[in-house]
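These notes are about the structure you will find just below.
The values are calculated or read from the model by the stated rules, or taken from the named source; none is laboratory data. These numbers come from a predicted model, not from an experiment. Positions of Cβ are generated from backbone atoms using ideal geometry, with glycine treated the same way; all protein chains shown enter the neighbour counts. For the accessible areas, the whole protein counts, side chains as well, though only heavy atoms, and no ligand, DNA or RNA atoms are used. Shrake-Rupley method; radii C 1.70, N 1.55, O 1.52, S 1.80 Å.
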Amino acid sequence: MEEINTLFGNLLAIGTGVAVAVSAFFVMWGAFLYMSAAGSPRQMEAGKTAILNALTGLVIVLLARAIAGMVQGALA
């Protein structure tokens, strides 16, 4: 059972790290779109939407990690 908990913890850490990196990339992409809009409301809105979606995804991943940690703790 200890091996499964270790594997689960490692996969959880790797998945969270990948999600944070992807989220950071999309926040930067949204910021780039927003800054390069040159006054275009459509492109500014696209940048804001990209940033909001990236941050929403990050919150979901962090909540999932917290829930998975609670389940792992309950099973240990």
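Could you go through the stretch 54-76 and let me know if any residue there is of a type in the set (Gly, Ala, Ser), open to solvent by 60 Å² or more (accessible area, probe 1.4 Å) and modelled with pLDDT under 95. Yes, the conditions are met somewhere in the stretch 54-76. For ILE51, are the conditions met, namely being part of a helix (DSSP H, G or I), open to solvent by 90 Å² or more (accessible area, probe 1.4 Å) and among the β-branched types (Val, Ile, Thr)? Judged against the criteria, ILE51 is not a match.
Within the stretch 30-58, which residues are in contact (Cβ under 8 Å) with a residue 24 or more places away in the chain and more than 10 Å from the chain's Cα centre (by Cα)? Residues satisfying the conditions are GLY30, ALA50, ILE51.
Out of all the residues in the stretch 21-42, which are surrounded by 14 or more Cβ atoms within 10 Å (Cβ to Cβ) and not aromatic (Phe, Trp, Tyr)?
VAL22, SER23, VAL27, GLY30, ALA31, LEU33, ALA37
Take the residues in the stretch 6-20 that are open to solvent by 50 Å² or more (accessible area, probe 1.4 Å) and under 19 Å from VAL61 (Cα atoms), then tell me which one is modelled with the lowest pLDDT.
PHE8
Restricting the stretch 47-74 to residues that are in contact with a Ser or Thr (Cβ under 6 Å, 6 or more places away or on another chain) and not small (Gly, Ala, Ser), the residue that is farthest from TRP29 (Cα to Cα) is ARG65. Checked against (1) open to solvent by less than 50 Å² (accessible area, probe 1.4 Å); (2) part of a helix (DSSP H, G or I), GLU3 passes all but condition (1). Here the condition is being at pLDDT below 95 and either assigned to a helix (DSSP H, G or I) or more than 21 Å from GLN72 (Cα to Cα) (or both); of GLY39, GLY30, it holds for GLY39 alone.
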